[in-house]
Amino acid sequence: VPLALLKRDKGDHLHYAIQAMKISSIIWSTVASISFKGAATAMQMDDMLMGQSLDSFLSGLVQHQQLSEEHKLEIVNMASEGDSDASSSKEHYRDKGFTTAESKDLLRDYLYNTVYDGTMEEETAEEIASTLNLGGLFFTEEMVDSLALMQGLNGAAPADYQGEGNMHRLGNILPVSVSGNSFVNGIWGYSTPNGAREYALMCAGAGLSIIDVTKAAAPVRVQFTPMPGGGIWRDVCTHVDDGGKTYAYVAAQGNHGGGNSPNLFVFDLSWLSDDAGQSNGEDSNPIPQGDNGYIDLGETGYGHTINCARGLLFLHTAGSSDGCRVYDISENPTKPKFLFDTGGTG
């Protein structure tokens, strides 16, 4: 199960996309996601609201103080620009969003102006533009170089496309070699607060591998923590507490990885080296087991996929009436407090 490290140009920062690939006589699937800040979505859709209404999407930005109520109302009002159907109501556009070229041009100009006059953050404008499929707004020199690598592609890549888009392979590693447990699934990243070192958090049927990718051409696995169960259904997310410390949550569902306890784990990532000149040694396992290192939290079998956001932990359960289970991790990240579940259809 090699881990391929790919460089991705995104705004003014260098990010790494980490692609896990299973090499065998049958290739499960290979999906390349080519993206950069402000790039137009390759999906041929009117927007990326994904079933959410325009009004709801903008209200979320207002709630999190990314957008003013005045901006929200102005954006909703301009959604109908250029629609020849005079019978459509404002409520229609609160749901449907921007469906005409004229309305999208108007919104694009509006976002430029609000950023330039200082009443909206560039990041918020880019989020709105990306969600509503307007294309990029603020291109840097790095992004222009990345666009050139796309070889003139606009929209979905053809089936016979052989290029690499704006992705560049930098290195690879074989992080898990346990027979039968080497399927990989969820993967995330962690950068130390001082930016000195970067890590990949890679899930597999056998457990969690933490890989130092600071030197992308020579990645090093610094920790491996075995975990039962899960198989190809193990996932990871990160949460930063009020003090700036980062925790990783790893959950699983099913028993395909062996064992019958695919539990939820939490890791204190502050044990990882933040010294630019000194990495943790290979398989040195710097994060100890225990209350101040990593903890098995139980919560067996709920983590088909997992997300962390705004002090909340979400365990998404497949094939169960539990649906999504929600926990509060804002007060004590090592002791998630169960709040509720959404229920499911089984």
(request) For T246, state whether it is open to solvent by 40 Å² or more (accessible area, probe 1.4 Å) and under 26 Å from K335 (Cβ atoms). (result) no
(request) Check W271 against each of (1) open to solvent by less than 40 Å² (accessible area, probe 1.4 Å); (2) at pLDDT 95 or above and name the one condition it does not meet. (result) (1)
(request) Quick one: which strands (runs of 3 or more DSSP E) lie wholly within region 263-330 and hold at least 3 residues that are under 30 Å from H64 (Cα atoms)? (result) 264-268, 305-309, 312-316, 324-328
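Which is closer than 30 Å to T214 by Cα, crowded, with 18+ Cβ neighbours inside 10 Å and either within 27 Å of the chain's Cα centre (by Cα) or at pLDDT 90 or above (or both), of E126, E164?
Working: E164 fails: crowded, with 18+ Cβ neighbours inside 10 Å.
Just a single option satisfies the conditions, and that option is E126.
Give the residues of region 198-215 that are of a type in the set (A, V, I, L, M, F, W, C) and in a loop (DSSP other than H, G, I, E, B), sorted by residue number. Lay out the reasoning, then the answer.
First, pick out the residues of region 198-215 that are of a type in the set (A, V, I, L, M, F, W, C): 200-204, 206, 208, 210-211, 213.
Residues satisfying the conditions are A206, V213.
Out of A218, A251, report the one residue that is touching a Gly at 6+ places or on another chain (Cβ under 7 Å), of a type in the set (A, V, I, L, M), part of a loop (DSSP other than H, G, I, E, B) and touching a residue at least 24 places away in the same chain (Cβ under 8 Å).
Details: A251 fails: part of a loop (DSSP other than H, G, I, E, B).
Residue meeting the stated conditions: A218.
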(request) Name the single residue, out of those in region 277-316 being surrounded by 15 or more Cβ atoms within 10 Å (Cβ to Cβ) and among the small types (G, A, S), that is modelled with the highest pLDDT. (result) G293
(message) Given the condition at pLDDT below 90 and buried (at least 23 other Cβ atoms within 10 Å of the Cβ), answer yes or no: does some residue in region 209-226 qualify?
(response) no
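The values are calculated or read from the model by the stated rules, or taken from the named source; none is laboratory data. From a predicted model like this one, the values you see are computed outputs, not experimental measurements. Virtual Cβ from ideal backbone geometry, glycine too; neighbours counted across all protein chains shown. Just the protein is used for accessible areas: all its heavy atoms, side chains included, with ligands, DNA and RNA removed. Shrake-Rupley method; radii C 1.70, N 1.55, O 1.52, S 1.80 Å.
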